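Down below is the structure, laid out as structure tokens.
FYI, it's all coordinate maths here, none of it is from the lab. This structure is a prediction, so every number in the text was calculated from the model and none was measured. We place every Cβ from the backbone using ideal geometry, glycine too, and count neighbours over all the protein chains shown.
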């Protein structure tokens with residue numbers, strides 16, 4: 001019997017109901033912030049339908065993709081790419097990429113239920129191989145939006161689900177439903193990040209806003225991110241936590257990372 | 001009890017009796033469970049994958065057991081009970097129910113019964 005060991009390391013799934021809510025931006029910067037705080041971190045691209053981390057980190061080719069690990073054709077150690085040269089800090093930073101080739105995307109969308117069950121088993125065993133075996137402090141899963149296999153597998157595996165949402169009405173409704181009908185059923189700790197908040201709203205009534213959010217979603221707020229034009233202007237070429245250490249967005253992500261490190265979400 | 005009464009291996013006989021009693025107990029637990037939740041939703045399936053969508057559609061009490069088995073790979077009712085903080089007999093009933101539903105498989109090794117979802121997931 002493989003016993004679930006008591007471990008300090010944590011798995012965090014970054015998820016959202018709709019696309020374009022800032023999951024990848026948040027995942028990348030959160031992982032970088034934790035690494036800068038001295039943690040050993042691995043960021044995984046679990047968005048097999050629209051892989052994006054390879055472009056964020058400018059990685060042309062990988063020896064093995066996360067797809068191969070989930071297919072059972074390679075070890076997880078071959079998937080991890082050491083990116084300590086990209087993120088400077090006291091910690092360590094690795095990334096596991098999803099294969100961006102169209103053929104690979106097609107292959108991943110055509111998997112059957114048995115394959116998905118085994119993929120869940122392989123994700124769950126990362127707790128043992130990476131958190132216990134390689135002493136990682138955090139594994140961060142950047143997921144696909146909505147209710148689909150790869151994302152729910154990630155959520156079931158995770159200790160904490162960070163939900164990125166916006167003020168868009170359809171996003172609010174969907175997120176609320178997901179909180180009740182998905183995360184709650186799996187008894188997951190959940191923290192909310194409200195993204196693309198109008199600057200004036202975030203400045204003038206921050207307390208009010210937080211109370212309102214808490215009343216709508218009934219889960220703790222991890223952070224409130226105003227709409228920054230600089231993020232749009234960077235066109236995905238910058239990792240703010242690394243490249244713009246004094247930017248307000250970096251400070252917000254730093255605060256979110258600190259909340260996660262101090263186990264504030266319960 | 002004197003040794004002559006039970007023959008040469010009294011301990012062995014007692015072990016056998018205990019083993020049989022435990023199996024009987026398990027069968028009774030399954031019957032009680034079937035009665036409690038109604039037979040309608042418990043159509044026996046063979047080799048149904050225990051995937052996340054299945055987990056989502058399960059009643060809460062079974063989901064907890066099934067999720068713990070997913071995390072452990074392979075475990076006895078006792079080991080599952082330690083993690084769910086529910087009684088061993090309760091977990092045993094739920095696990096056997098999941099076996100009947102086709103989501104889990106059961107394997108005996110000596111006196112212990114091990115449950116698992118997929119042979120490949122066992123460690």
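Sorting A:8, B:31, B:58 by the number of Cβ atoms found within 10 Å of their own Cβ, with the fewest placed first, yields A:8, B:31, B:58.
How do A:27, A:167 rank when sorted from fewest to most other Cβ atoms within 10 Å of their own Cβ? Present the calculation step by step, with values, prior to reporting the outcome.
Working: A:27 28, A:167 14.
Going from least to most buried by this count: A:167, A:27.
Over the stretch A:1-158, what is the relative contact order in percent, taking alpha-carbon pairs closer than 8 angstrom and at least six residues apart? List each step's numbers first, then the result.
Numbers: 280 pairs, mean separation 65.0, N = 158.
Dividing the mean separation by the residue count of the stretch A:1-158 yields 41 percent.
For the stretch A:11-55 versus the stretch A:110-171, the spacing of their alpha-carbon centroids is 11 Å. Distance from the Cα centroid of the stretch B:46-101 to that of the stretch B:16-33 is 18 Å (rounded to whole angstrom). Within the listed set A:196, A:244, A:23, the residue fluctuating most in the Gaussian network model of chain A (springs between alpha-carbon atoms under 10 angstrom) is A:244. Note on residue B:9 and residue B:87: the extension gain reaches 24.8 nm, defined as 0.36 nm multiplied by sequence separation minus the Cα-Cα distance. Note: relative contact order over the stretch A:85-203, using C-alpha pairs below 8 Å and six or more positions apart, is 20 percent. Shape call for the stretch A:23-75 from the C-alpha gyration tensor, a ≥ b ≥ c root eigenvalues: rounded (a/c under 1.5), prolate (a/b greater than b/c) or oblate? Note, shape of the stretch A:23-75 comes out prolate. Remark: mean inter-chain Cβ contacts per residue of A:112-119 equal 6, using a 10 Å Cβ-Cβ cutoff to other protein chain atoms.
Roughly what % antiparallel, to the nearest 5, for the DSSP beta bridges in the protein assembly as shown? List each step's numbers first, then the result.
Numbers: 10 of 40 bridges.
Close to 25 percent.
Please work out whether the stretch A:147-254 counts as rounded, prolate or oblate from its C-alpha gyration tensor, where a ≥ b ≥ c are the square roots of the eigenvalues and a/c under 1.5 means rounded, while otherwise a/b larger than b/c means prolate and anything else oblate? Write out the running numbers ahead of the final one.
Numbers: a/c = 2.03, a/b = 1.37, b/c = 1.48.
Because a/c hits 1.5 or more and a/b fails to exceed b/c, the stretch A:147-254 counts as oblate.
With the simple model of a label 7 Å out from the Cα in the direction of the Cβ, residue A:184 to residue A:261 spans 3.4 nm.
Summarising the strand pairing of the stretch A:41-183, around 25 percent of its internal DSSP beta bridges are antiparallel. Per residue of B:79-87, other chain Cβ atoms within 10 Å of the residue Cβ number 1 on average. Take each residue of peptide B:61-69, count the partner chain Cβ atoms within 10 Å of its Cβ, and average: the result is 1.
Based on the mean of other beta carbon atoms within 10 Å per residue, what is the order of A:103-116, B:76-89, A:64-77, most packed first?
Details: A:103-116: 14.3, B:76-89: 16.9, A:64-77: 18.5.
Result, highest mean first: A:64-77, B:76-89, A:103-116.
With a ≥ b ≥ c the root eigenvalues of the C-alpha gyration tensor of the protein assembly as shown, is it rounded (a/c under 1.5), prolate (a/b larger than b/c) or oblate? In terms of gyration-tensor shape, prolate.
At a threshold of 8 angstrom on Cα-Cα distance, excluding pairs fewer than six apart, so keeping six or more, what relative contact order does chain A reach in percent? Numbers along the way, then the final one.
Values: 462 pairs, mean separation 69.8, N = 266.
Result for chain A is 26 percent.
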